[in-house]
Amino acid sequence: MTSTSLAEVKCTKCKKVYETDVVDHIDLSEDRDLINALKTGKANRVQCPKCKKVMYLNRSIVVNFEPENRIVVFDPAARTKAAKEDFIQDFHSVISFNETLSEIGEETEFLVISKIDKLKTMLDDYLKAYK
Ligand SMILES: [Zn+2]
């Protein structure tokens, strides 16, 4: 399921700081309408309550490619190998907490992607495979 969390955002126009819901996890099997937004880097659209300026946030999003056993973290900032490995370690520490998750984890391909083009290709392939 898609899940959101509250984030603090600073308006680039009027500098107002406001709190807003941001998407941090998308399950593709349930949220196909978000695929196009994801492909163009516009999954996280926020609007300033004061001046109405619309911004698209560049934050990390976890994408679950159900029914494939593939989880992708898209983070435009995770350009280095070290940054990617941090995510992979987090993933392993989360799944090691319980047996069921560990089993799921062993069957799951976990990837960290920083380039939108690569994510776009994977999403296109997904759409072709699961029409
Ligand atoms: Zn504003």
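Counted by Cβ distance under 14 Å from residue 5, the other residues give a net charge of -3, where Lys and Arg count +1 and Asp and Glu count -1. Residue by residue, the range 16-22 carries 3J(HN,Hα) couplings of 5, 9, 9, 9, 8, 6, 10 Hz when phi is fed to the Karplus relation 6.51 cos²θ - 1.76 cosθ + 1.60 (θ = phi - 60°); x denotes Gly or Pro. Using Cα atoms only, what is the angle between the long axis of helix 81-95 and the major principal axis of the chain, expressed in degrees (0 to 90) to the nearest 10? Here the helix axis deviates by roughly 70 degrees. Applied to the range 40-56, the Karplus parametrisation 6.51 cos²θ - 1.76 cosθ + 1.60 on θ = phi - 60° returns per-residue 3J(HN,Hα) values of 9, x, 10, 5, 10, 9, 10, 9, 5, x, 8, 10, 6, 5, 8, 10, 10 Hz, with x for Gly and Pro. Label reach from residue 107 (point 7 Å along Cα→C-beta): in the range 41-73, amide nitrogens under 16 Å belong to 65-71. The phi-based Karplus calculation (6.51 cos²θ - 1.76 cosθ + 1.60; θ = phi - 60°) puts the 3J(HN,Hα) values of the range 113-129 at 10, 10, 9, 5, 4, 5, 4, 4, 4, 5, 5, 4, 4, 4, 4, 5, 6 Hz, whole numbers, x for Gly and Pro. Each Lys or Arg adds one and each Asp or Glu subtracts one; over the other residues with Cβ under 14 Å from the Cβ of residue 120, this totals +2. Put simply, the Cα atoms of the chain extend 48, 34, 27 Å along their principal axes, the longest span coming first. Rounded to the nearest 20, the Cβ-based charge dipole of the chain about its Cα centre (Lys and Arg +1, Asp and Glu -1) stands at 1440 debye. Using the charge dipole of the range 1-128 (Lys, Arg: +1 at Cβ; Asp, Glu: -1 at Cβ; taken about the Cα centre), state which of 56, 28, 101 has its Cα farthest towards the positive end. My answer, from the dipole projection, is 56. The sum of -39500 (n - 2.57) across all DSSP H runs of n ≥ 4, divided by the residue count of the chain, sets its helix-only mean residue ellipticity at 222 nm to -10000 deg cm²/dmol. May I ask for the Rg/Rh ratio of the range 35-96, computed from Cα atoms with Rh as the Kirkwood radius, given to two decimals? Radius of gyration over Kirkwood radius for the range 35-96 works out to 1.08. Put simply, the amide H of residue 29, placed in the peptide plane, has neighbours under 5 Å in 66, leaving out anything fewer than 5 places away on its chain.
Bear in mind that the values in this text are calculations on the coordinates, not laboratory data. As the structure is a computational prediction, the values presented were derived from the model and not from experiment. We place every Cβ from the backbone using ideal geometry, glycine too, and count neighbours over all the protein chains shown.
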